[in-house]
Amino acid sequence: MRRITLLSAATATALAASMLTGSAVATADGTADSGPVLDTAATTYDHPGTVSVTAHSDHPITRITAHFTRVDAQDGAPEAGSTADFTQQYGEDGRSGVWRAPVHLAELGDYRVTVDLEDSSRATVTGAVSPLKLEYRTVLAVSEFTVTPAAPDYLHQRVTLSGTVLAEDPRTPDTAVPAGDVPVSVDGRHGRRVATTGADGRFTTSFVPTWSSDDLTAWPVATAAHPGAVTLGTREARQVTAVAAPTRFTASTHALDLRQGATGTVTGRAEIQTAGGWQPLAGAPLSLLGLDADGRTTFLAAQTTTDEQGLYTLRVPTDNPAPTGELLLGGTPFLRSATQPFSLHVAYTTHLDLWAALGDDSRLSVSGQIYYGDPRAHWPAKPTVTIEYSKDGKAGWKSAATLPLRIRHNKANIQEEFATKFTAPPDAYWRARFAGNPDLAGSTTKPVHLRRYATRITGFNVSPEPVRKNGRLHFSGTLQYKPGGVWKPLAGESPALYFRARGASSYRFVTDLSTDSHGRIRDVVLNAVKDGTWAVAFDRQTGPRFLRSARVTDYVDVR
């Protein structure tokens, strides 16, 4: 008989890794052993009080024994129990598959599992360690989960969810009892609801669907009454599918001509078809949708809800004009949609964007774009955009430059551009303003605060000098900025370190450094490889507040 006994924890771990990778077990003489191999041994959740072993061998497996030791037990502690009453559950023959056996342990908890295996060739493995553990715990399972009605309609919209949670102790299998005061999570593709079981284990909750269909499952949640319990939800989802009824409506007008800022009104009556004929439709949404040239919905312009008599008043704003659109009734899971054409003419909204950056030389670079959204709009003969500035960004705005728009397209939703550069105050708020005309509304960008401080690096030093090849180099120095007339330390920033080898024509970037609360460069240690000049500058991550510093250098002789 070939026999392998695993005596130490290290050996057990190595064998477990070997089994997971499919490696053959090695015998003492170094020959390959094609005997039994344990894959896993773990809890059988849907059959509390049992363990499932997955294994394979070149010959039918004839004997399996599983041993259990508490996970929290000290080394050398006796096993808590074992089982050898295995029956194959899956697999066409005894060479591979899943075997299941009952487990009888005195205490609930988690247990390490080791397994002894033997096949028909009498090859054996003793003490194979499972990569998984046995979770010998109470199982909370949902049963009798029902959804009523499964096909709700407009007159019966509320859906009730109910079921029972049973608790089964693995020490007394097949004796499930109702589990009271257990939270149950009912999950769907469109949301989650939580109910709590009563003393009889029953739970109930309800909702009104906001989607045409959903798939629902129920899962119990472990509580203090069942600490560490294994929770099992419904095996299959319950489907809810809403039934939609036909609708229709009238509208007082199908076209409005409004100026920017005005509000138009559309009134009418909505109805629903029932078994008794057409009746007033109460509580239904009616919307105005803007459409693109292909007739596809692009945005919601206005919405209202019908009253108890099915009457509605739709107020149409002009901030989202819909030159071509439709009135839509319904759009809920219980109502078939009904539509009617609609058009709206307005004084068209403009959209203005500004990008501004203050350079190291106090030159302000300004660029931007402006466009309108309606194809019936057009630009005036000589449109301009004004660049303005203010000290506090709230009042006292002054004109700094008036820029002509370069009209290249004159089409809806295509940006026209503007740009310029000029010397600017070092600390100010900036915005762009388009005055507009009778057909185009004016627009103004949000203020942008631009402020820049000068920076410098003092006391830069690389030590030791000279240094042996591959010796350790240390870097020091202080980063400062000048918010007024006095240089102050600049903390928490990232000056960059560069190196130019002797004979080279340019520097190469090495790394970003950092500064402490006193602006001092945090020590970084690098190996000295060749002669050359080290340089540091605050020029890679200065942000919008600081100017770039000049590079400071230190030459190092490497011997």
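Pick out the one residue from Arg502, Arg508 that is open to solvent by 50 Å² or more (accessible area, probe 1.4 Å) and touching a Gly at 6+ places or on another chain (Cβ under 7 Å).
Arg502
Just one of the numbered conditions (1) open to solvent by 50 Å² or more (accessible area, probe 1.4 Å); (2) modelled with pLDDT under 95; (3) touching a Phe, Trp or Tyr at 6+ places or on another chain (Cβ under 9 Å) is not true of Gly49; which one?
(1)
Are any of the residues in the stretch 455-472 under 40 Å from the mean Cα position of the chain (by Cα) and closer than 21 Å to Phe538 by Cβ?
yes
For Gly198, only one of the following conditions fails: (1) outside any strand (DSSP E or B); (2) within 32 Å of the chain's Cα centre (by Cα). What is its number?
So the condition that Gly198 fails would be (2).
Right, Leu289: on the phi < 0 side of the Ramachandran plot, under 38 Å from the mean Cα position of the chain (by Cα), outside any loop (DSSP other than H, G, I, E, B) and among the aliphatic types (A, V, I, L, M) or not?
yes
What are the pairs, 6+ residues apart or on separate chains, where a residue within the stretch 445-472 that is free of Cβ contacts under 8 Å to residues at least 40 places away in the same chain has its Cβ under 7 Å from a residue that is surrounded by fewer than 17 Cβ atoms within 10 Å (Cβ to Cβ) and of a type in the set (D, E, K, R)?
none
Just give me the residues in the stretch 328-346 being in contact with a Lys or Arg (Cβ under 8 Å, 6 or more places away or on another chain), closer than 16 Å to Ala377 by Cα and open to solvent by less than 10 Å² (accessible area, probe 1.4 Å), in sequence order. Full working, then the answer.
Within the stretch 328-346, the first condition is being in contact with a Lys or Arg (Cβ under 8 Å, 6 or more places away or on another chain), and the residues that meet it are 329-330, 338, 345-346.
In the following step, the residues that additionally are closer than 16 Å to Ala377 by Cα were identified as 345-346.
Within the stretch 328-346, just Val346 meets the criteria.
Is it the case, given these coordinates, that Arg192 is open to solvent by 70 Å² or more (accessible area, probe 1.4 Å) and not in a strand (DSSP E or B)?
no
Could you go through the stretch 370-393 and let me know if any residue there is open to solvent by 50 Å² or more (accessible area, probe 1.4 Å) and under 34 Å from the mean Cα position of the chain (by Cα).
Yes, the stretch 370-393 has at least one match.
Show me the strands (runs of 3 or more DSSP E) entirely contained within the stretch 226-270 in which 2 or more residues are open to solvent by less than 70 Å² (accessible area, probe 1.4 Å) and over 30 Å from Asp169 (Cα atoms). Write out each step before concluding.
Details: elements: 230-232, 238-241, 247-249, 255-257.
Ranges flagged: 238-241, 247-249, 255-257.
The values are calculated or read from the model by the stated rules, or taken from the named source; none is laboratory data. All of these numbers come straight from a predicted model, not from anything done at the bench. Glycine gets a Cβ as well: all are built from the backbone with ideal geometry, and neighbour counts include every protein chain shown. With ligands, DNA and RNA removed, areas are computed over all heavy atoms of the protein, side chains included. Shrake-Rupley method; radii C 1.70, N 1.55, O 1.52, S 1.80 Å.
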